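First comes the structure, then the notes that go with it.
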Amino acid sequence: MTTPLRPNNGPSPLMIATWLVLIALIAWQFFQPGMRRPDAQPRLVTARGDLAADEQATIELFERASPSVVYISTSRRVVDFWRRDVRNVPQGTGSGFIWDEDGHVVTNYHVIQGASQAEVRLNDGRTYDAGLVGASPVHDLAVLRINVPLDRPPAVPVGTSGDLRVGQTVFAIGNPFGLDYTLTSGIVSALDRTLSEGNGVPIRHLIQTDAAINPGNSGGPLLDSAGRLIGINTAIYSPSGASAGIGFAVPVDTVNRVVPQLIAEGEYRGPSLGVVVDEQMNRRFVRRLGFDGVIILGVEPGSGADDAGLRGTSRDRRGSILLGDIITAIDGSPVDLVEDINRILDDRRIGDTVTVTIERGGQSQDVAVVLDREQ
């Protein structure tokens, strides 16, 4: 026999009333005054004990180094000819650090590039107008100067970068996103990296680190565990524009070679062989002939190359081209491109003697060349 279906009209009034009574009882128990404790007190603090040795060392490092780090803000002068108005428009911010007792401040060139005015704020809040002393775009370095009459901040101790090892602990201090005097830490992730700037000029021998570096950190110091300067934070690799754990710093050995010349002369002119070379011409001649190396197009009179007897490309009486010497190596490092010559010489100093390996008349020979200043 089939049981007839009955319509479902929802909960009965008795069930609804029961639910309401239960809800009221729960709410009454939860909110009744007896649940509160008028005599409640803060909990006792558990004694922490001494800081770990590495924590204490990091704190001391920051307290020593941070007074030498500065905050840099730049502006650009805009002239409105229609309104006959001249005003300064904020351009950007970055970091820097005190280089010496004369008030020189080192930062990245891209921090001040295109600016007409810069202000430097010290750790204690004092702010000074800064003047541009010199810059080297190929190294992304610039030197400013401020006049601090009293209580001058100390210079950052300078270390070396030639003996750095992957895995070594490093610390970065700077002003990311305008948050001044921020400390981050990490390790040396890799060495001798090369990056190309927006203008296509490569910056060589960079230190790669996973210490968090963000916009605003540029120009700030990268320190080793002894608090010594080992690099200048200069760039990050990040699709989003924020730190992705891949940052780069100009090594201090480069800084210590370039900055003194910027202070003395306002520009950097590095060492040169005294030869004329060109990559396009090199491809045209040497590559087609199946050689490896860079052909010398000309030799500057009185240069180290001239004194060493290197020969440039010339023409004979009939107008035929006589190829000059082909540079195949410098101090044992192979040379295939003009950029290889620039990379090798960037590590040398004016007055150094280098061994240049050349191909001449199908024979290889070594020639000693004293490096001159770039013209």
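When restricted to residues that are surrounded by fewer than 18 Cβ atoms within 10 Å (Cβ to Cβ) and of a type in the set (A, V, I, L, M), region 162-195 contains 6. There is no residue in region 231-239 that is among the aromatic types (Phe, Trp, Tyr) and not in a loop (DSSP other than H, G, I, E, B). For region 196-203, the criterion of a residue being crowded, with 16+ Cβ neighbours inside 10 Å and either under 30 Å from Asp54 (Cα atoms) or in contact with a Gly (Cβ under 9 Å, 6 or more places away or on another chain) (or both) is satisfied by no position.
Restricted to strands (runs of 3 or more DSSP E) entirely inside region 165-221, those with at least 1 residues that are at pLDDT below 85 and over 19 Å from Val120 (Cα atoms) are 182-196, 202-209. The residue pairs whose first member lies in region 11-38 and is β-branched (Val, Ile, Thr), whose second member is surrounded by 10 or more Cβ atoms within 10 Å (Cβ to Cβ) and modelled with pLDDT under 75, and whose beta carbons are closer than 7 Å, counting only pairs six or more residues apart or on different chains, do not exist in this structure.
How many residues does region 103-127 contain that are without any contact (Cβ under 8 Å) to a residue 40 or more places away in the chain, open to solvent by 70 Å² or more (accessible area, probe 1.4 Å) and either more than 24 Å from Ala235 (Cβ to Cβ) or assigned to a strand (DSSP E or B) (or both)? The number of residues fulfilling the criteria is 1.
The values are calculated or read from the model by the stated rules, or taken from the named source; none is laboratory data. Everything numeric here is computed off the predicted structure, so don't read it as measured data. In this analysis, Cβ positions are derived from the backbone assuming ideal geometry, glycine residues included, and neighbour counts consider all displayed protein chains. Remember, those area values only see protein heavy atoms, side chains included, never the ligands or the DNA or RNA. Shrake-Rupley method; radii C 1.70, N 1.55, O 1.52, S 1.80 Å.
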